[in-house]
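Participant: Sharing a structure with you now.
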Amino acid sequence: MALIVASLIFLFRFWSRTTNGRYRIDRWKLQVPLFGGLFSKYAIAVFSRTMATLLGSGIPLVESLRSAAGTLHNRFMEAKLFEAIHLVEAGISLSMALERVQIMPHLVLRMLGIGEATGALEELFSDSAEYLEAEVEERLHLLTTAIEPAIMLLMGVIVGGIIVAMYLPIFKIAGTVG
């Protein structure tokens, strides 16, 4: 049994290092309840912060998008971003291209649309990064607050199980002697 489990773990690790495996795992991570949105928002916050820095340095939009794609650390989102880059190269606005590939929240897309219209894309990437970072921090705080009682309950069950396991043999010995 241990050999089968070890083999399955080895095969999973090998598969997860392949391009297709990493893509599927990253896509699955975005669909996990409670944590999928957290992964997505964190990746987009880092991407937005990088885009604000690159655009502020005077790097053209398409080059900035290509450079910042690696900061997503999610193959599925990177593939979607490259689809959006191709759409931008074809002449579609950035906000419309990102809306078509559906990797960003609606509010961020609106902010980027306003940034394109006003010429303040750098500032709105920065603002959207701050907004998403605050939302991720709030969500993490909420999750840790919700998980604390469950951890305490689990620790109580474990300690209770250890105490019962230690005293049960003593009670059995006392029952047979007495």
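Participant: Considering only residues that are within 17 Å of MET104 (Cα to Cα) and in contact (Cβ under 8 Å) with a residue 12 or more places away in the chain, look in segment 1-33 and name the one that is surrounded by the most Cβ atoms within 10 Å (Cβ to Cβ).
Facilitator: ASP26
Participant: Looking at (1) modelled with pLDDT of 95 or more; (2) buried (at least 16 other Cβ atoms within 10 Å of the Cβ), which one does LEU38 not meet, given that it meets all the others?
Facilitator: Condition (1) is where LEU38 drops out.
Participant: Just checking, how many residues over segment 104-137 are without any contact (Cβ under 8 Å) to a residue 40 or more places away in the chain, in contact with a Leu (Cβ under 7 Å, 6 or more places away or on another chain) and more than 24 Å from GLY58 (Cβ to Cβ)?
Facilitator: 1
Participant: Sort out which residues of segment 105-148 are of a type in the set (Ser, Thr, Tyr) and over 17 Å from the mean Cα position of the chain (by Cα), and write them in order of number. Give the steps one after another, and end with the answer.
Facilitator: Residues of segment 105-148 that are of a type in the set (Ser, Thr, Tyr), as a first pass: 118, 126, 128, 131, 144-145.
Correct list: THR118, SER126, THR145.
Participant: I'd like to know if segment 108-119 contains one or more residues that are among the β-branched types (Val, Ile, Thr), out of contact with any strand residue (DSSP E or B) (no Cβ under 7 Å at 6 or more places or on another chain) and surrounded by fewer than 16 Cβ atoms within 10 Å (Cβ to Cβ). Working first, answer last.
Facilitator: Filtering segment 108-119 down to residues among the β-branched types (Val, Ile, Thr) leaves 108, 114, 118.
With out of contact with any strand residue (DSSP E or B) (no Cβ under 7 Å at 6 or more places or on another chain) added as a condition, the list becomes 108, 114, 118.
Remaining after also requiring surrounded by fewer than 16 Cβ atoms within 10 Å (Cβ to Cβ): 114, 118.
Looking through segment 108-119, at least one residue is among the β-branched types (Val, Ile, Thr), out of contact with any strand residue (DSSP E or B) (no Cβ under 7 Å at 6 or more places or on another chain) and surrounded by fewer than 16 Cβ atoms within 10 Å (Cβ to Cβ).
Participant: Same structure again: Surrounded by 13 or more Cβ atoms within 10 Å (Cβ to Cβ), of a type outside the set (D, E, K, R) and farther than 30 Å from LEU143 by Cβ - does that describe any residue in segment 43-54? Write out each step before concluding.
Facilitator: Of the residues in segment 43-54, the ones surrounded by 13 or more Cβ atoms within 10 Å (Cβ to Cβ) are 43-54.
Restricting the remaining residues to those that are of a type outside the set (D, E, K, R) gives 43-48, 50-54.
When the remaining residues are screened for being farther than 30 Å from LEU143 by Cβ, the result is 54.
There is at least one residue in segment 43-54 that is surrounded by 13 or more Cβ atoms within 10 Å (Cβ to Cβ), of a type outside the set (D, E, K, R) and farther than 30 Å from LEU143 by Cβ.
The values are calculated or read from the model by the stated rules, or taken from the named source; none is laboratory data. None of the values given here were measured: they were computed from a predicted structure. Reconstructed Cβ throughout: ideal geometry from the backbone, glycine too, with neighbour counts over all protein chains shown.
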